[in-house]
Amino acid sequence: MSDDRRRSFDDDDDYNNYDRPRDRRGDAYDDYDDGPRGPSGARRKTWQQAKDSVMIPAYGLMITGGIALLLQIASMVVYILSYAGVAIAGIQNANDLEFVGRMVGSVIGICWHSTIILSGYKMMNLQSKVVIWIGCIFASIPCCSPCLIFGMPFGIWGIVLLCNEDTSRHIR
């Protein structure tokens, strides 16, 4: 400045340029919404929102797994009582190998359905991603699903929620 005068704020072009839009503090910041944002700019779920979104499939897994577990235990008891009745009556057609096969199948079914119940419980508390994956996959298998077709929608719904980044990042 050749005339030895100081510049005032009125002379500053950047300060007085009201026509240009004001500079944002980043893509993830909004003046009216201070919530965290994902890479696409959409709002991310909070922990409570993630927990609320998994409640229905978690309860569905636990209820259908519980019903299937009770039915599996009841069938095991029927197998035991029928085998004991045949053995007491002294009928020679009692097939020991068939009884052992039914008991092994019942124990596997009890473990299978217990895993689905545990998966629903872990999903409800947002814990153990691996256990939730295993239980949802078990529930999604058509002929092995608890209560046949009733467990499959909850298993698929759980898998979809696990693939959702906003829900998945809250699972410990």
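Data overview
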item	result
Filter pass, ARG102 being basic (Lys, Arg) and either surrounded by 14 or more Cβ atoms within 10 Å (Cβ to Cβ) or touching a Pro at 6+ places or on another chain (Cβ under 6 Å) (or both)	yes
Of residues in region 133-168 being on the phi < 0 side of the Ramachandran plot, assigned to a loop (DSSP other than H, G, I, E, B) and of a type in the set (A, V, I, L, M, F, W, C), the one surrounded by the most Cβ atoms within 10 Å (Cβ to Cβ)	CYS144
Any hit, region 12-28, residues being assigned to a helix (DSSP H, G or I), polar (S, T, N, Q) and modelled with pLDDT under 85	yes
From VAL130, VAL107, VAL77, residue being loosely packed, with under 12 Cβ neighbours inside 10 Å, more than 16 Å from ILE171 (Cβ to Cβ) and among the aliphatic types (A, V, I, L, M)	VAL77
Residue match in region 57-74 (condition: touching a residue at least 40 places away in the same chain (Cβ under 8 Å) and at positive phi)	no
Yes/no for ILE171 being β-branched (Val, Ile, Thr), part of a loop (DSSP other than H, G, I, E, B) and within 16 Å of the chain's Cα centre (by Cα)	yes
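The values are calculated or read from the model by the stated rules, or taken from the named source; none is laboratory data. Quick caveat, the model's predicted, so the values are computed rather than measured. When we count neighbours, we look across all protein chains shown, and the Cβ atoms used for this are built from the backbone with ideal geometry, even at glycine.
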